[in-house]
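Structure record follows, encoded as structure tokens.
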Amino acid sequence: MAQYNVAPLEKLVEQFEKMPGIGHKTAQRLAYYVLNLPKSDAEELAGAVMDAHTKIHYCSKCCNLTDKELCPICSNPVRDNSTICVVETPRDATAVENTHEYRGVFHVLHGAISPLNDVGPDNLTIKQLIARLSDDTVKEVIMATNPTIEGDATALYISKLLKPMGVKVTRLAYGIPVGGDLEYADEYTLAKALEGRNEI
């Protein structure tokens with residue numbers, strides 16, 4: 001029996017499948033959705049992808065994504081430049097920003113130290129972070145890397161570099177989530193919650 005195959009459609013499905021979290025069936029649904037778009041909408045989608053690729057780059061100060069020299073946070077004069085929150089990805093910076101509780105600035109590492117994946121300190125924006133501490137403006141660096149082995153290793157590595165510079169280095173608290181049950185927490189999470197306990 002001959003296989004039904006439309007090459008451009010299959011190529012579109014393959015491109016969607018390369019995206020994180022997109023399986024074959026979801027890629028097919030997206031491909032058919034794009035195929036059924038009016039030509040003007042399809043061109044607008046393709047243009048938005050190309051615009052993002054050509055216009056978005058790293059902020060010259062914090063390495064977050066921007067289409068200008070400085071990102072909106074770094075160019076905001078009311079932000080507290082004495083506190084830098086170090087995150088692994090631009091998505092992490094957005095998550096912290098969405099709390100509406102943080103008033104400092106960010107630094108995006110674009111990953112975490114992971115020898116198994118051939119990611120070392122030189123593959124991250126650690127040198128740019130250290131350059132930001134050349135004057136006495138920064139008083140605290142908050143390590144907001146993910147609570148994983150790689151995130152913890154990255155936070156420890158950076159804190160060892162920053163401590164001799166006289167900067168206060170803190171780590172985000174982690175442990176049992178609000179509304180969570182102890183019986184469902186894994187041993188690592190429970191251990192970290194016990195370690196980071198506070199007086200009440």
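FYI, it's all coordinate maths here, none of it is from the lab. Predicted model only: the values in this text are computed from it and were never measured. Quick reminder, even Gly has a Cβ in these numbers, built from the backbone with ideal geometry, and neighbours come from all protein chains shown.
Observations, loosely collected:
- Annotation: average projected area of the chain is 18.0 square nanometres, based on the convex hull of Cα atoms across all directions.
- Compared with the dominant Cα axis of the chain, that is its longest principal axis, helix 149-162 is turned about 50°.
- Exposed-loop-free span, longest in the chain, where GluC sites (Glu not before Pro) count as exposed if DSSP calls them loop and at most 16 other C-beta atoms lie within 10 Å: 102-198
- Degrees separating the helix 24-35 axis from the principal Cα axis of the chain, which is the longest one: 60 degrees
- In plain terms, the chain from HIS24 to SER60 could stretch by 9.2 nm, reckoned as 0.36 nm per residue minus the Cα-Cα distance.
- Cleavage-rule hits (trypsin sites (Lys or Arg not before Pro)) in the stretch 1-97: DSSP loop, at most 10 neighbouring Cβ within 10 angstrom: LYS18
- Computed on the Cα trace of the stretch 35-74, the radius of gyration divided by the Kirkwood hydrodynamic radius gives Rg/Rh = 1.22.
- Between the Cα long axis of helix 39-55 and the first principal axis of the chain there is an angle of about 30°, rounded to the nearest 10.
- Euclidean distance of C-alpha centroids, the stretch 132-166 and the stretch 57-80, integer Å: 20 Å
- Kirkwood radius, the stretch 68-150, all distinct C-alpha pairs, inverse of mean reciprocal distance: 13.6 Å.
- Across all C-alpha atoms in the stretch 1-101, the radius of gyration and Dmax reach 19.4, 68 Å.
- Listed by chain and number, the lysines whose alpha-carbon sits under 22 Å from that of LYS192, ignoring those within fewer than 8 places in the same chain, are LYS160, LYS168.
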